[in-house]
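J.: Please see the structure below; I have some questions.
Each reported figure results from applying straightforward, stated rules to the coordinates on display, with no laboratory input. Remember, predicted model here, so these are calculated numbers, not experimental data.
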Amino acid sequence: MRLKKNRLKPYKIFKYVVKTNDEGVRFKGYKENAYIINAEIYPASGRIQAQVYGEKLNYMLNMLIERTTEINERDGICINSETPNYEVVSIKKYTFHKLVELKKL
């Protein structure tokens, strides 16, 4: 399945990093600079996802991106905001695209 260009919208991606403060405490964060990807996003649904995620399914989205797009688990996605409000949970690679599952932060 190829992605239809008229369904793709631009979204900001922030790379995941582990930051350390002055006291040596480690915490999760994101890089300051973001990059733009084109993706199709829709609500998560279906029997398998319901069995895997249960009640969390209401706070999850599916995202379709081109196979050549660089993205990793735990990266942050900005959907209708300037700061990351969704996190990449899993990435499934197919012939022409990737299916990325997103979880609300």
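J.: Name the residue, out of 66, 73, that is under 10 Å from the mean Cα position of the chain (by Cα) and either farther than 18 Å from residue 9 by Cα or acidic (Asp, Glu) (or both).
T.: Only one candidate passes the filter, namely 73.
J.: Restricting the range 1-36 to residues that are under 15 Å from the mean Cα position of the chain (by Cα) and hydroxyl-bearing (Ser, Thr, Tyr), which is farthest from residue 66 (Cα to Cα)?
T.: So, considering only residues that are under 15 Å from the mean Cα position of the chain (by Cα) and hydroxyl-bearing (Ser, Thr, Tyr), the one farthest from residue 66 (Cα to Cα) is 30.
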